[in-house]
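The next block holds one structure in the form of structure tokens; read it before the comments.
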Amino acid sequence: MTNSLRPYGQHRAPLPPAQQPADGVPSPRSPQNPKTPHAAGDAAAAPGGKPGKQRDAFFDNAKYLAIVLVAMGHAWEPLKDDSRILEALYTVVYAFHMPAFIIISGYFSRSFDMRPDRLKRLVTGVAVPYVLFETAYSLFKRWAAPDPGHPISLLDPWYLTWFLVALFIWRLTTPLWKVVRWPLPLALVIAVLASVSPDIGAELDLQRVLQFLPFFVMGLIMKPEHFQLVRRREIRILSVPVFAAALAVGWWAVPRMNTAWFYHRDAAQDLGAPWWAGAVMTLALFGCSLVLTACFFSWVPRRTFWFTALGAGTLYGYLLHGFLVKAGDFWGWFDHPWLHTPLGEIAVTLAFGAAVTVLCTAPVRRIFRFSMEPRMDWAFKRDATELARDRARVKA
């Protein structure tokens with residue numbers, strides 16, 4: 001700190017080194033240089049030729065497995081009404097797959113601040129994909145449904161794009177959560193208030209943004225040792241009866257509970273429940289989701305596997321698989337009677353797991369990088385530090 005106060009001259013403080021932006025979920029930036037290895041465990045080349053920070057295989061594995069569960073859950077939605085077992089499985093998966101995703105998002109957002117390069121990345125990696133895919137989904141619905149009256153509105157996210165809105169807002173508020181004294185209790189209070197406030201409306205899907213907020217804040221305050229804790233052998237063993245009990249409760253709750261609670265997109269009054277039920281369900285589901293998420297993390301492998309590198313492409317799999325799901329809805333793919341049998345349900349599950357896997361691969365990322373990781377250097381001014389660093393490189 002003292003060096004930074006010295007006047008320019010012979011003892012001027014060196015320029016800060018170029019830093020890679022904080023990794024995030026579901027869109028950790030893949031390196032622009034195709035020769036740079038990006039799989040977990042490989043060192044990415046940093047400016048100056050020094051090895052960059054290695055990716056942790058655990059987190060890439062967790063992101064890949066979570067996105068597979070997201071795709072499978074969406075594929076089960078048109079089939080679950082014919083199978084109580086499938087609906088119970090759907091309920092359990094929906095209790096933790098997005099919370100797990102969001103917790104990792106928060107964990108990798110801990111270093112976010114208002115530095116120009118991070119704000120630029122927030123715009124190019126979250127805001128721009130939202131604009132493009134919200135427009136693309138709306139046009140797709142107009143063409144495939146067909147629903148010519150479906151509006152193109154950036155204020156009313158449709159289907160999957162709500163997560164990009166939420167991630168944008170959560171990231172912008174990260175500096176605030178790092179300075180308040182009790183961030184998680186405050187986030188829970190906000191979520192509870194949202195769950196009893198039907199007047200919030202559908203703009204920017206704020207119900208989901210606010211009701212899922214505690215999971216993001218949970219990720220922000222977590223430390224590496226917390227993930228080490230849930231990966232202990234005894235936790236892994238304990239998770240088996242916990243998941244079994246969750247499936248049993250899910251099977252029991254199918255005819256008795258509205259699964260819309262797990263979407264966190266409505267206030268209690270919108271679901272025909274008294275206002276106080278919103279507070280109870282928000283807190284109860286938060287606790288259940290944390291337990292199941294911990295069980296999920298306990299079974300995520302720590303080593304590098306064939307699918308580990310796919311964890312870097314989860315944004316692609318997330319946004320692109322929605323077109324397949326909606327095409328199936330609009331064009332009647334799920335109406336075939338055989339798909340509503342146990343073998344058909346297994347086939348659909350495997351098909352969508354394979355599809356989202358393909359959508360996370362490097363060739364697909366190269367094709368769609370223009371929409372999800374645009375460089376957009378033309379749209380931003382270069383900050384003084386970056387310009388000075390470039391001049392120092394030229395002189396060297």
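Here are a few things to note about the model shown:
- Virtual spin-label span in nm between residue 306 and residue 110, 7 Å along Cα→Cβ: 3.4
- Phi-based couplings in Hz for region 203-209 (Karplus 6.51, -1.76, 1.60; Gly and Pro marked x): 4, 6, 6, 5, 4, 5, 4
- Net charge of Cβ neighbours under 13 Å - reference residue 83; Lys, Arg +1; Asp, Glu -1: -3
- Remark: for residue pairs 178/223; 178/381; 63/141; 223/381, the C-alpha separation exceeds 24 Å in 178/381; 63/141; 223/381.
- Within region 190-230: backbone nitrogen closer than 12 Å to the residue 253 label point (7 Å, Cα to C-beta): none
- The chymotrypsin sites (Phe, Trp or Tyr not before Pro) of region 286-390 meeting both criteria, a DSSP state outside H, G, I, E and B (loop) and at most 11 other C-beta atoms within 10 angstrom of the site's C-beta, are 306, 331.
- Cleavage-rule hits, trypsin sites (Lys or Arg not before Pro), region 132-181, DSSP coil, Cβ neighbours within 10 Å at most 16: 178, 181
- Segments 86-97, 216-227, 143-154 sorted - mean Cβ within 10 Å per residue, highest first: 86-97, 216-227, 143-154
- Loop-resident sites, region 190-278, for trypsin sites (Lys or Arg not before Pro), counting at most 14 other Cβ within 10 Å (DSSP): 232, 256
The numbers here are math on the coordinates, done by the rules we state, and not lab data. Just so you know, these numbers come straight off a predicted model, no measurement behind them. In this analysis, Cβ positions are derived from the backbone assuming ideal geometry, glycine residues included, and neighbour counts consider all displayed protein chains.
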